[in-house]
């Protein structure tokens, strides 16, 4: 018998993918312009122009044996130096290149970190709504994911619920801010309180609890006053899992990094375990060309003003139509309260209007749908009558 | 406590890497030209010129949102179609795009396949000498690696030893031909006999045994008459793990694929388990730019004539100096009998002459060293006096 768990994982397409595939078919039936597909989190703005330029420069100017050759498993030294310097300058940390491990994107950052930290039977807390793959990643690493519901309406951390969920088996907490699917950013006070709670519990129980910050959306914040606190400034036992997928609009190229906080005593052991986990999972090194590229465009981002425009358009229209929306501070998702208790049924009714909204159930929260607004502003404008019609259908 | 097994894996650098790092230091001390570094399997010839051209074309001509966007998890459909068509034409198979899963290179192909097939406690046989990471990959997937010694001197399969190693727990066999580290290619008769042995044992024991063919060196064969049999033509329960690292000299870009033989009854289940394992390990998709690239240069290889020249030069010189060498048919490795029983001691003595040869102990065979001849021919020429001196040091 082959591995049944992985077979099931492969057979059950995620709800998101399922809806996306439906959308592709539906477009063939009724025309591309008549389907409003808000299913996927695939960046809709191109990479910054520097990406194309620097890719061409690298290919033209570098000896191909070097450019396409192996880097060391943790990544090219100079690339890691550029990354650590950049983090230090921006967040006032004192990381060295040996705190950085280059990865094939955020998912790899997370699986490698989880396999480095977890032993069988460990528990990992995350706050719902959460990215569904967390469960898959934690379970493969031998752990159990413990989702803790966030505060209703604000989707900030519910500390009463967190306190109840902490146990001596808690090895790590994954936070994701800006959040997929809610777009919520954790406020500084909330982050401080989280770190204090974990530190106190660690001390009381005599176990280390690691804080893993999953940060693919760090750069996607739309208002000047919104600050995304850097976790290392508040908590020693912390690891940042970063990805350039969304900030540089390179999701298919798989490039990111893990940064280990060197203020924790055993940071070198953690880094070694990350190197070991990377080996065991088959990650030889992150793609060399894209390692070199990100070092050259380290402070660039794609033009995220389109996302802000989309957010503002959707939030104001949906609010006007009577939907309850938590205004997202970042990412490119909107988590909207379904107009009936059953989000699956709501999503189905929306589908009849060719409006593809992902039911929030798979994100661990009932009664909501996720709208990915990394789409063309024009499609959003065309979709508004369908949103209105959907709302009205519940009033009759 | 963090994961101790992965921490150890990360701390213990492989013997190969250790020697390579020593070489870098030694070069600083005595000059680059006086160190003969045969440690790493890093291609020394550049990618074919079509790689640079097509990379530039792709970057210039393709919409970046598409070019750098996610592909489906198993890989872009058209890329998979190109790959399956190419395999079918070349090896007379009838694969469809849905038999192909694009990966981040050979290591990822193997870890994903092993996690798809294995359950805890399963055994995986391989033939020694073998690539040391097999043990790491198999153990992470919950299995135990069972190395079976090859025939002395020829390094072909020893069927008596194989028969003793087969048990009802045997889930898979990994073969690697051309072989790292011996360069040996399994002859057709040997492959046929292997397949017959496995089929008979499967039937007798009522268990399926999967044949995994690890093929990063398939294209690196130097003589016209040397044929590398395609495993799907001989055995139903088979999976091919391929990589473009060596054939296109792109080892740092991490691009390869898994091909599932669709002649086996449960091939769709295996493919699903591969998709599931890929998810669990954090492989979202193989790098999109390099997926598109390999589809455009599917029948190209780097100029491997340099490797042939290197092989011939080394084999004839070392034989003349009194070394026992199995002439390799492919890859870019030479497995040479140490001039004393202890290969570690032999490697140390060679090191004193600035000759960096990897002890074969970590490949599961005692009394040999591995020479990676993916180096400049000029370095080989300069190294010959040291090889001679090393041989003479054992005669005095």
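FYI, it's all coordinate maths here, none of it is from the lab. Nothing here was measured: the structure is a model prediction, and the numbers come from that model. Here the Cβ positions follow ideal geometry from the backbone for every residue, glycine too, while neighbour counts run over all protein chains shown.
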Tell me, Kirkwood radius of the stretch A:50-296 from alpha-carbon pair distances, in Å?
-> 18.5
When only C-alpha pairs under 8 Å and at least 6 residues apart count, what is the relative contact order of chain B, in percent?
-> 24
Taking 0.36 nm per residue of separation between residue A:94 and residue A:21 and subtracting their Cα-Cα distance, the length gained on full extension comes to 21.7 nm
Quick one: if you stick a label point 7 Å off each Cα along the C-beta vector at residue A:205 and residue B:265, how many nm between them?
-> 4.7
Answer rounded, prolate or oblate for the stretch A:330-396, using the Cα gyration tensor with square roots of eigenvalues a ≥ b ≥ c: rounded when a/c is under 1.5, else prolate when a/b is larger than b/c, else oblate.
-> oblate
The stretch B:158-292: relative contact order in percent, alpha carbon pairs under 8 Å with at least 6 residues between = 20
Go ahead and set up a Gaussian network model of chain B, Cα springs under 10 Å, then flag whichever of B:297, B:51, B:138 fluctuates most.
-> B:297
Mind checking the alpha-carbon convex hull of the stretch B:125-176 and giving the volume per residue in Å³?
-> 67
Partner chain Cβ atoms within 10 Å, averaged over the residues of B:67-78 - can you pull that number for me?
-> 4
Tilt relative to chain B, helix B:305-320 - C-alpha long axis, 0 to 90 degrees, to 10 = 40
Between the stretch B:211-269 and the stretch B:139-168, how many Å separate their Cα centres?
-> 20
Tilt relative to chain A, helix A:77-91 - C-alpha long axis, 0 to 90 degrees, to 10 = 60
Rg(Cα) / (2.2 N^0.38 Å) computed for the stretch B:65-203, rounded to two decimals | 1.20
Using a 10 angstrom cutoff on alpha carbons, build the Gaussian network for chain A and name the most mobile of A:232, A:102, A:379.
-> A:379
Distances over 50 Å make up what percent of all Cα-Cα pairs in the protein assembly as shown?
-> 17
Sorted largest first, the Cα spans of the stretch B:1-151 on the principal axes come out in Å as 48, 48, 44
Hydrodynamic radius (Kirkwood) for the stretch A:9-80, which is based on Cα pairs only, to one decimal in Å = 16.7
Normalised per residue, the volume of the convex hull around the Cα set of the stretch A:241-396 (Å³) | 166
For the stretch B:136-217, shape from the Cα gyration tensor axes a ≥ b ≥ c, cut at a/c of 1.5 then a/b versus b/c, turns out oblate
Could you please state, rounded to a whole Å, how far the C-alpha centre of the stretch B:1-31 is from the C-alpha centre of the stretch A:270-338?
-> 35
Computed lengthening from residue B:120 to residue B:11, 0.36 nm per intervening residue step minus Cα-Cα distance = 36.7 nm
May I ask you to list the residues of the stretch B:251-271 whose amide nitrogen lies under 18 Å from a point 7 Å from Cα along the Cα→beta-carbon direction of residue B:72?
-> B:257-262, B:267-271
For the stretch B:211-319: span of alpha carbons on each principal axis (Å, largest first) | 50, 34, 25
Most mobile of B:108, B:172, B:273 in a GNM of chain B (Cα contacts under 10 Å) | B:273
To the nearest µm²/s, what D does Stokes-Einstein give for the stretch B:163-281 at 10 °C and 1.306 mPa s, using the Kirkwood radius over alpha carbon pairs as Rh?
-> 102
Residue-normalised 222 nm signal for the protein assembly as shown, counting each DSSP H run of n ≥ 4 as -39,500 (n - 2.57), nearest 500 deg cm²/dmol, is -13500 deg cm²/dmol
Tell me, what is the Rg over Rh of the stretch A:269-328, with Rh the Kirkwood radius over Cα pairs?
-> 1.30
Could you give the angle, 0 to 90 degrees to the nearest 10, between helix B:343-352's Cα long axis and the longest principal axis of the Cα atoms of chain B?
-> 60
